[in-house]
Every structure is written in structure tokens, then in C-alpha cells.
Protein chains: 2
Amino acid sequence: MTYRSEADFLKQYNARDYDSPLVTVDVAIFTLHEGALQVLLVERGDFPHKGRWALPGGFIDIHSDDDLDACAHRKLKEKTGVAAPLLEQVCSKGNGLRDPRGWSVTALYMALIPHAPTADFVASVNDARWWPLDQLGGIELAFDHRSLIATARERLKNKTAYTVLPVHVLKRPFTLTQLQRAFEQLMDATLEKKSFRRRILNAEILEEVGEGIPEGGRGRPAALYQPATGSEQHLFARVFGEGL
Amino acid sequence: MTYRSEADFLKQYNARDYDSPLVTVDVAIFTLHEGALQVLLVERGDFPHKGRWALPGGFIDIHSDDDLDACAHRKLKEKTGVAAPLLEQVCSKGNGLRDPRGWSVTALYMALIPHAPTADFVASVNDARWWPLDQLGGIELAFDHRSLIATARERLKNKTAYTVLPVHVLKRPFTLTQLQRAFEQLMDATLEKKSFRRRILNAEILEEVGEGIPEGGRGRPAALYQPATGSEQHLFARVFGEGL
DNA sequence: CAAATAGTGTCTGTGAGACATTATCTA
DNA sequence: TAGATAATGTCTCACAGACACTATTTG
């Protein structure tokens, strides 16, 4: 069929005439707590995969979501109430098997927030909780979310090697030792103290905001820091750890 | 409504009952030719945006595409006949304005291939051609493809600084000088000869395959190289150029 | 020979890794 | 005082940048 104009064409076009994939947004929200990297999961209350644990997320609402990022922010806020933490797209995955309802695409995001008990921000019930990543082996996850979590975790590890991502999982202010622990846990590696401090301090991405008691209540007081404005997108020219 | 089982639920579920975004895959295919970075565009023959230039791409076919990557490979192959070049996902963008047909999401991929005249691989007509990136200012692009191209180009530039991506735009074998030019053009920067050669050769990602005449037909013959197997995913621990 | 291109020698500077040492707190 | 934690001093090594130099071809 041919049309005389774009307007003509659009007048008769109806998206529902075609088989289109389902489209969802899923958010892997990470935090650090008790020395472990944890991810926020919700227990599904409806079919499909009712009762299984899943990443916060779901269908795009084309009537209220301005764009993909806005949709991800909405999903994040619905579950945590947090407004503007680190939230970025990881990748998209789509195939005919990942959702029993049909061919589906999900835009996977990852978010980093300082730890808070779920009771503090989950409006509804106890259907959401933090899961340490190393305890996910024993539970049933919905859809391909085990794989999505692995993908997001991998990206997190990689980006930590050349950014300051870990500042987002710490409450402010923090000490350099706390920051180093955060780097180490997100990278799953051990870093050398002097190298770490040199790297961070030379980059001029932190500002000192006084002194505080050390972590264990014992020992020499530590300097407290918070990220300098604009520091979040600092990129290091060398990757850290596993160094060459 | 409640259902007794997952099977029950799925039996009544129909994706077409809901307003869902359109889903497309678009591929930014880059090459290097005559000293310029070029991207392959096709002239749209149908509404919407008939007559404008666009990235190769289009709707997912949920009946024939196994997954997003397969769909991207299909789009690439339809336009270039190339089977397995570098092809990777860049990001996804979705909003209500980018396509006049409605709220739409596109999964953006980028591909790198050695240059070949379009006549060599475009089955149909002269509806496809290579466009040097610096000549896109003067033409009308469909949808948000100008922005997509910019996003893919940015990713290309960034990844070139710590990978060997540029080997994919060269015919094999190639000289180190040709490879350096490719790096420089993809990064839009000038590199220092000795540093470049040291970096590449120390990484042991190339294998020497003889000698050839120099680029201009004059001067000392140059050693010829091709990528060693498994070299494609080599990651450098330091970014190149703009160095620190 | 000159011009053009390929390839090397070598010095400097930056920053990571290693690890020993000093500083400052509590019990 | 000892123990714990924070912070620094300093040596070595890898490698990027700079740039002068040598090597091998054609005309």
C-alpha cells in the first residue's frame, strides 16, 4: 500500500497491528553492608514466576514514562524512595525465552545506594530484601534475573577499576579506609593502601570535611571526606588493581 | 483477577492487550576510507521519514529473530553481507518522541568492517552509501539517528583508547603505520609513533606475516601483521593518548 | 644523490606495587 | 604500656611521551 503523505501514513498506522516484544526495565540496586555486596530483590506477588525473587522492574508505561531513564528512575523510586543516586544503563537483553509471556526485551540498569534497612523505605510489607550476592545460589530467581545480576555485577567490577563508583555505596562523610574497603568489595580484589590513597588524593576528587573516630572505635582518628562536586564522572587513565 | 496456576495465567495472557513500545534494532556500521571515518546509511523508501537517511535497522521479528544480537546480525547482513565482523551493543534509547509512530525503544549496535564499495554488497540499488561523519551536517537524518550516530561514535572513540578495536576496519594484513592511522582516526587524536609501536608489539596481539611495499609505493618496505587469535578482546591497563 | 617511509635508542616523567616506618588514638 | 588504626617515606618497575637517530626503499 502507498500513502500520499507522512500524515496519511501515520493516520492508519496502529502499533497493535504488529507482533512486538514485551518491553521491561529492570534495576539491579547494589549496596554494601556488613562487608558484603548486596542486591535488592522483591518477591513476586503475581504470575508469572509468582513467589520467586526478582529485580525491581517491570513494564514501561508509555503513558507516564517520558523515556527509558525516567522509567528506571520510577522503578528505583517505587522500591527505595531514593531520588538521585547513581543509576545507569548496563545493557539490554531480548529473546523469546526469558519471559513465558512471550518475546521480551529488558533494559537493564544498575544503581548504587548507601545501605539502609528495607523497613526504612519499602512501603509495602516484607516483600523486598537485600540479598548478599554470595547467597543467591540457594534461592529461586525469576526470569533470567540471575544472569542479569551477574551482568550488572560484572560491569560494576569493571567500572570500579577506573572510576569512583564506590563513593555511591557509602554514607557521607567517609574515611579513606572505608572507601578502600568499598573499592575492594566492588572489585573483589585487595588493594595496596599507599597506592590507593595516592591515586584518590592526587585526583582531587574528594574534599576533606574534618576528622572522625576510626571504624572500630579504637586507633588513630581518620580524616573524613566527601566527593567534590563534579567528581563523580572522573575517569582514571589507568585501571586499578591487577596492575600492570 | 487471580489464577490458580502459572499455566492458567499464561493461557489468558495476550501481549496485544497492552500498550507496548515499538522495538527496533539499529546498527551504526563504521569503516575507514580515504582518511575519513564513515558510516553506512540507507535512504528510507517508506514512511515514516521517507527519503531521509537512516541507520540500517528496523523492527525485531519475534518470529525469526532468536535474540537481540541475532536481530542485529540480521540487519547487518541484510545490508553488507558480512557475517562475523565486530558487532556489539552500545546502548538502548527509548522515548515517546523519537518515532512518529509512537513510544519506541531502539537497541543501538555498532559494527566495524574494512571498507568496500557499497556496490560490492548492497543487493538493491543505490539506496545505501557510506557517509563521512563530517559530511552528515548537511543531510536530513531519520528519527533520532543523528544522535544515535554520535553516541556510537563516542563509544568507538572511548574504546579505541584501551582496546584493539581499529584492527577491524583494516583489510588484512596491515602495516603498523596503517594501524596507527586507524587508531588516530577512530580516536580523533595524534599518537606518538614509538609509544604506539611499543604498546602494540609488547601486547603480543599481532603476528608478523611477511613484508610489503609501503603505503605510497615509496620508501622502506614495512612489516605486515594480522591480529593473533584471541587478541580481539585484549584490554590495555592504561588508556592511550591524552596520556597521563 | 634526495625524498619518503619504516623502524630504533634513549631520556624523562608519572604513577602503581611493595613494604617499612611513623603518628595518634583507646584500654 | 600494648594494641589498633591512620598516615607517610621511599624504592622499584612499567610504560607513555618526546624526539633524535638509523635503515631501506624509489626516482
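The values are calculated or read from the model by the stated rules, or taken from the named source; none is laboratory data. Predicted model, so just to flag it, every value in this text is computed and none were measured. Note that each Cβ is placed from the backbone with ideal geometry, even for glycine, and that neighbours are counted across all protein chains shown.
Can you tell me how many residues in region B:163-183 are surrounded by 17 or more Cβ atoms within 10 Å (Cβ to Cβ) and part of a helix (DSSP H, G or I)?
Final tally of qualifying residues: 12.
I'd like to know if region B:80-94 contains one or more residues that are surrounded by 22 or more Cβ atoms within 10 Å (Cβ to Cβ), over 24 Å from A:Thr24 (Cβ atoms) and in the same structural domain as B:Phe143 (by TED's automatic domain parsing).
Yes.
Within region B:177-194, which residues are touching a strand residue (DSSP E or B) at 6+ places or on another chain (Cβ under 7 Å) and within 16 Å of DNA strand C (Cβ to nearest atom)?
From region B:177-194, those touching a strand residue (DSSP E or B) at 6+ places or on another chain (Cβ under 7 Å) are B:177, B:182, B:185-186; that's our starting set.
Once the filter is applied, which keeps residues that are touching a strand residue (DSSP E or B) at 6+ places or on another chain (Cβ under 7 Å) and within 16 Å of DNA strand C (Cβ to nearest atom), region B:177-194 yields B:Thr177, B:Ala182, B:Gln185.
Filter region A:145-166 down to residues that are within 14 Å of another protein chain (Cβ to nearest Cβ) and not hydroxyl-bearing (Ser, Thr, Tyr) and give me whichever is farthest from DNA strand C (Cβ to nearest atom). Even if it seems obvious, please write down each step before you answer.
Initial filter on region A:145-166 (within 14 Å of another protein chain (Cβ to nearest Cβ)): A:147-148, A:151, A:154-155, A:157-159, A:161-163.
Next, from what is left, pick out any that are not hydroxyl-bearing (Ser, Thr, Tyr): A:148, A:154-155, A:157-159, A:161.
Working: A:Leu148: 30, A:Glu154: 19, A:Arg155: 20, A:Lys157: 15, A:Asn158: 15, A:Lys159: 16, A:Ala161: 9 Å.
Among those that are within 14 Å of another protein chain (Cβ to nearest Cβ) and not hydroxyl-bearing (Ser, Thr, Tyr), it is A:Leu148.
Could you run through region A:216-226 and say how many residues are more than 7 Å from DNA strand C (Cβ to nearest atom) and either touching a Cys at 6+ places or on another chain (Cβ under 8 Å) or over 16 Å from A:Arg172 (Cα atoms) (or both)?
Matching residues across region A:216-226 total 1.
How many residues does region A:53-71 contain that are over 20 Å from A:Ala83 (Cβ atoms) and more than 8 Å from every other protein chain (Cβ to nearest Cβ)?
The total comes to 2.
From (1) in a loop (DSSP other than H, G, I, E, B); (2) touching a residue at least 24 places away in the same chain (Cβ under 8 Å); (3) among the β-branched types (Val, Ile, Thr), pick out the condition that doesn't hold for A:Val90.
(1)
Suppose we filter B:Lys50, B:Lys77, B:Lys11 for residues that are without any contact (Cβ under 8 Å) to a residue 24 or more places away in the chain and within 8 Å of chain A (Cβ to nearest Cβ); which single one remains?
B:Lys50
Please go through (1) in contact (Cβ under 8 Å) with a residue 12 or more places away in the chain; (2) closer than 27 Å to A:Asp134 by Cβ for A:Ile205 and return the number of the only condition it doesn't satisfy.
Evaluating A:Ile205 over (1) in contact (Cβ under 8 Å) with a residue 12 or more places away in the chain; (2) closer than 27 Å to A:Asp134 by Cβ leaves (2) as the failure.
Any chance region B:216-229 includes a residue that's within 14 Å of chain A (Cβ to nearest Cβ) and either surrounded by 13 or more Cβ atoms within 10 Å (Cβ to Cβ) or in contact with a Phe, Trp or Tyr (Cβ under 7 Å, 6 or more places away or on another chain) (or both)?
no
Only one of (1) within 11 Å of DNA strand C (Cβ to nearest atom); (2) aliphatic (A, V, I, L, M); (3) under 20 Å from A:Pro114 (Cα atoms) is not met by A:Val169, so which one is it?
(1)
Can you name the residue in region A:200-211 that is near DNA strand D (Cβ under 9 Å from one of its atoms) and part of a strand (DSSP E or B) and, of all such residues, is farthest from the other protein chains (Cβ to nearest Cβ)?
A:Glu211
Output yes when any residue across region B:142-156 is within 13 Å of DNA strand D (Cβ to nearest atom) and in contact (Cβ under 8 Å) with a residue 24 or more places away in the chain, and no when none is.
no
Among the residues of region A:1-40, which ones are of a type in the set (A, V, I, L, M) and over 30 Å from A:Leu165 (Cα atoms)?
As a first pass, look at region A:1-40 and keep what is of a type in the set (A, V, I, L, M): A:1, A:7, A:10, A:15, A:22-23, A:25, A:27-29, A:32, A:36-37, A:39-40.
Those that are of a type in the set (A, V, I, L, M) and over 30 Å from A:Leu165 (Cα atoms): A:Met1, A:Ala7, A:Leu10, A:Ala15, A:Leu22.
Taking region B:216-237, which residues are more than 17 Å from B:Thr163 (Cα to Cα), within 26 Å of the chain's Cα centre (by Cα) and charged (D, E, K, R)?
None - no residue of region B:216-237 is more than 17 Å from B:Thr163 (Cα to Cα), within 26 Å of the chain's Cα centre (by Cα) and charged (D, E, K, R), so the list stays empty.
Need the failing condition index for A:Arg199 against (1) without any contact (Cβ under 8 Å) to a residue 40 or more places away in the chain; (2) among the charged types (D, E, K, R); (3) over 22 Å from A:Leu87 (Cβ atoms), just the number.
Of everything listed in (1) without any contact (Cβ under 8 Å) to a residue 40 or more places away in the chain; (2) among the charged types (D, E, K, R); (3) over 22 Å from A:Leu87 (Cβ atoms), A:Arg199 misses just condition (1).
With the requirement that a residue be away from DNA strand C (no atom under 14 Å from the Cβ) and touching a strand residue (DSSP E or B) at 6+ places or on another chain (Cβ under 8 Å), what does region B:227-241 give you?
B:Pro227, B:Ala228, B:Ser231, B:Glu232
Scan region A:21-38 and tell me whether some residue there is at the interface with chain B (Cβ under 9 Å from one of its Cβ atoms) and of a type outside the set (Val, Ile, Thr).
There is at least one residue in region A:21-38 that is at the interface with chain B (Cβ under 9 Å from one of its Cβ atoms) and of a type outside the set (Val, Ile, Thr).
Kindly establish whether B:Leu40 is at negative phi and surrounded by 22 or more Cβ atoms within 10 Å (Cβ to Cβ).
yes
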